[in-house]
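Here, each number is a calculation from the coordinates, and none is a lab measurement. Bear in mind that the values here come from a model prediction, so they are computed numbers and not experimental data.
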Amino acid sequence: MINKFDAIDISKGDDNLTLVTWSELFAVGIDLIDNQHYELVNLTNQLYQACMTRDEELGTLFKDSLHRMVEYVRFHFSAELELLARIKYPNYQEHKQQHDQLVKQILEAAKEFEGGKKFVPNNFVRTLKDWVFGHIAICDQQYAAYVKDQKHKGLLTDAEING
């Protein structure tokens with residue numbers, strides 16, 4: 001039997017520069033969010049690839065990739081929380097707190113890296129991957145189930161979901 005985490009564990013691509021691959025198991029059934037999650041896969045892989053560069057290039061490439069990831073995570077979380085508010089998701093506050101926690105961790109790691117603190121980018125990227133895709137596989141699937149249930153009961157329409 002396959003579960004949501006199986007897609008996360010099957011993370012190495014053929015080129016050894018792919019940390020995570022998109023799987024429909026990540027899909028929540030809302031195109032906007034699924035497209036954004038797909039982009040998070042791409043950005044996670046770019047961040048991982050930056051970790052695999054030569055030492056003298058690592059600082060610049062990793063910093064640029066990390067900046068793109070931070071900005072996109074903020075953008076995505078904002079869009080996702082806007083959706084959850086619009087559909088009156090009952091666990092909105094808990095979901096928001098989880099987002100806030102990840103943003104705080106990413107910003108702290110970026111600050112440590114920029115400050116020259118001993119930091120292992122590869123370990124950070126793997127931790128980030130586990131958190132983000134664990135969140136998608138569990139927490140985001142909970143609101144996906146809520147949306148599906150509300151649509152089935154006729155209490156939520158595609159127009160309300162898509163804004």
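Expressed as a fraction of 2.2 N^0.38 Å, the C-alpha radius of gyration for region 115-162 is 1.86. Hydrodynamic estimate: the Kirkwood radius of region 91-141 over Cα pairs, inserted into Stokes-Einstein at 20 °C and 1.002 mPa s, corresponds to D of 180 µm²/s. Eigen-decomposition of the gyration tensor built on the alpha-carbon atoms of region 11-162 gives equivalent ellipsoid semi-axes of 32, 16, 11 angstrom, largest listed first. If the elastic network links every pair of Cα atoms under 10 Å, which of LYS104, LYS129, LYS153 fluctuates the most in the Gaussian network model of the chain? Answer for the Gaussian network model of the chain: LYS153.
Computed from Cα positions, the angle between helix 141-152 and the longest principal axis of the chain comes to roughly 20 degrees. What do you get for the angle between helix 31-51 and the principal long axis of the chain? Use alpha-carbon atoms, 0 to 90 degrees, nearest ten. With rounding to tens, the tilt is 10 degrees. Every helix of 4 or more DSSP H residues in the chain counts as -39500 (n - 2.57), and over all residues that averages to -23500 deg cm²/dmol at 222 nm.
Any idea what angle helix 92-114 forms with the longest principal axis of the chain, computed on alpha-carbon atoms, 0 to 90 degrees, nearest 10? Between helix and principal axis, roughly 10 degrees.
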